[in-house]
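Step one of this worksheet: look at the structure below.
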Amino acid sequence: MSAQIGVTGLAVMGANLARNLARNGFTVALHNRSVARTDELLAKHGDEGDFIRTETLQELVDSLEKPRRVLIMVKAGAPVDSVVDQLVPLLEPGDIVIDAGNSHYTDTRRREAALAEHDLHFVGIGVSGGEEGALNGPSIMPGGSKESYQALGPLLEKISAHVDGKPCCAWIGPDGAGHFVKMVHNGIEYADMQVIGEAFDLLRSAAGLEPAEQAEIFGEWNKGTLSSFLIEITAEVLGHVDAKTGKPFVDVVVDAAGQKGTGRWTVISALELGSPTSGIAESVFARALSSQAAQRKEAQKTLIGNEADIAVGEGFVEDVRQALFASKLVSYAQGLDMLTAAAKEYGWDLKLDEIASLWRGGCIIRAELLKDITAAYAGDSKPANLLFAPAFTEAIAEAVPAWRRVVATAVQLGIPVPVFSASLAYYDGLRRDRLPAALTQGLRDLFGAHTYQRVDAEGTFHTLWGEDKSEIEAVDSH
Ligand code: 6PG
């Protein structure tokens, strides 16, 4: 018996993907650096499907049907390179090496190019849904060559989540496109969680609603336009009571948010692409600020708030819901805008409707909203920005009054709402007829002769600031 796919790296994610594949009828060869882990998996779950136990990468490779498919699930970075380096000499042209970890897309681009030299396919796939998703149906974002997808796609589509009978898996584009899209998914995930956090803080600090009461509210919100996995689990976390102290669970957790790095990568890429991903950026910075324990402690003693003494009215909860919805929409708009910029930069033909569709199930940002986002990009005329799709133009317009009230209230009360407010600033920035960027250009021209363009003439100009302030046509802009 030969295996249809091999999995190396059997920590929880790798083990769960292997089990998912086996449960779906594929024969899976297993390998792990320490054999004990392979045996543990077989002892616990060996009866879930057909597994082949291997002790070395050579044995793993030998157990596979051709073209071989080897899925690597090890820590992103050097460990991936190490496994790839060991695998390459064992493989034959046409074989497929799959990296299912959260690798940086530039590493994936590099590895894809390097393996192509050996006539091997390197496929970076984004896998979302955590441990549970990996086992029962994740959202999968595969990159790599289209050719490799023919051999790999059917397996991935089978094990992925399905929504309305459609797999939450589709070929994203060549080389690092899959990992790029997964990275942006995580950026949106950060922003989604931060706006939920801001809503929680506002409801508690401004409206005095305790976590248990908020669990009810989030539960209700989950029935409407906000319906999503993250809102659902927010209700669960807020409703949880710490067994040791009897206090709300959120009150016994240290308020310093960790991060493994994908959100940060999203923002770095956004900066490189010149894509204004301010909501996602603020969500990454909010985690960073939360972790500055010493400075926060000192600030609490020394920095003065001078907050206004105002009370919130009856409609506040609904206002917060609308502000949360509008800010969430902006995060998606910014993430998708970034995908558009990356597609242009890297020559990827990213299909935003397919991407939105495969985010509808299995992944952390799965949300009702993604159905409408899919629809917004499905037609022939693609909106240049998600917010320009008529359904969303209307939806956000409805939320704007509440959104402004909430941000204004938060500012007056000294409650930080970095993503609510950055998203609103983005919305207003886009809408603004004249931006102060004209003044920035003037300043740049004065101190650095950086030149500017005029509203009323073609060409590039420079004012002789240090002389008679006459204007000349500039040859080069820099
Ligand atoms: C997913 C998640 C996952 C990510 C965790 C932790 O899509 O399943 O994005 O890939 O690793 O959410 O991320 P942070 O530690 O950066 O919050």
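Here are the numbers for the structure shown:
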{"read-out": "Mean shadow area of the stretch 241-319 over all directions, Cα convex hull, nm²", "value": "9.3"}
{"read-out": "Burial order of peptide ranges 291-297, 178-184, 85-91 (average beta-carbon count within 10 Å, highest first)", "value": "178-184, 85-91, 291-297"}
{"read-out": "Most to least packed among 66-78, 140-152 [average Cβ atoms within 10 Å]", "value": "140-152, 66-78"}
{"read-out": "Eligible lysines near K223 by straight Cα distance, threshold 19 Å, same-chain separation 8 or greater", "value": "K328, K371"}
{"read-out": "The chain: antiparallel DSSP beta bridges as a percent of all, rounded to 5", "value": "40"}
{"read-out": "Shape category assigned to the stretch 294-382 from the gyration tensor of Cα positions, a/c cut at 1.5", "value": "prolate"}
{"read-out": "Surface accessible to a 1.4 Å probe, per residue, for the residues of the stretch 289-447, Å²", "value": "53"}
{"read-out": "Distance from the stretch 251-308 to the stretch 157-200 (C-alpha centre basis), Å", "value": "22"}
{"read-out": "Carbon and sulfur %, accessible surface of the chain computed with the full protein complex present, 1.4 Å", "value": "52"}
{"read-out": "Relative contact order for the stretch 117-215, counting Cα pairs under 8 Å that sit 6 or more residues apart, in percent", "value": "25"}
{"read-out": "Accessible solvent surface per residue of the stretch 122-240, calculated while the other protein chains remain in place, 1.4 angstrom probe, Å²", "value": "33"}
{"read-out": "Size of the stretch 106-175 as Cα extents on the principal axes (Å, biggest first)", "value": "39, 22, 16"}
{"read-out": "Segment K382-L443, extension gain: residue separation times 0.36 nm, minus the distance between their alpha carbons", "value": "18.3 nm"}
{"read-out": "Interatomic Cα distance distribution for the chain, bins of 20 angstrom, percent", "value": "22, 47, 27, 4, 0"}
{"read-out": "Dipole magnitude (debye, nearest 20) for the chain, charges at Cβ of Lys, Arg, Asp, Glu", "value": "600"}
{"read-out": "Stokes-Einstein translational diffusion, the stretch 205-273 - Kirkwood Rh over all Cα pairs, 0.692 mPa s, 37 °C, in µm²/s", "value": "230"}
{"read-out": "Of the DSSP H helices in the chain, those whose Cα atoms cover at least 30 Å axially and whose Kyte score averages 0.0 or more", "value": "177-205, 316-346, 390-413"}
{"read-out": "Rh (Kirkwood; distinct C-alpha pairs) - the stretch 1-42, Å", "value": "10.1"}
{"read-out": "The stretch 141-264 shape via C-alpha gyration tensor axes, a/c threshold 1.5", "value": "prolate"}
{"read-out": "Dmax and Rg, reported as Rg then Dmax, of the stretch 1-122 (C-alpha, Å)", "value": "13.5, 40"}
{"read-out": "Over the stretch 348-478: Rg over Rh, Cα atoms, Kirkwood Rh", "value": "1.14"}
{"read-out": "Kirkwood hydrodynamic radius of the stretch 166-222, from inverse mean 1/r over distinct Cα pairs, in Å", "value": "13.9"}
{"read-out": "Percent of C-alpha pairs per 5 Å bin, the stretch 380-456, short to long", "value": "3, 12, 16, 15, 14, 13, 12, 10, 4, 0"}
{"read-out": "For the stretch 371-433 and the stretch 50-106, distance of Cα centres in Å", "value": "43"}
{"read-out": "Cα pair distances in the stretch 9-69, grouped into 5 Å bins until the bin that holds the longest one, percent each", "value": "4, 21, 31, 29, 13, 2"}
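The values are calculated or read from the model by the stated rules, or taken from the named source; none is laboratory data. Computed from a predicted model, the values in this text were never measured in an experiment. FYI the Cβ positions are ideal-geometry reconstructions off the backbone, even for glycines, and counts take in every protein chain you see. Calculation scope for accessible area: heavy atoms of the full protein, side chains included, ligands and nucleic acids excluded. Shrake-Rupley method; radii C 1.70, N 1.55, O 1.52, S 1.80 Å.
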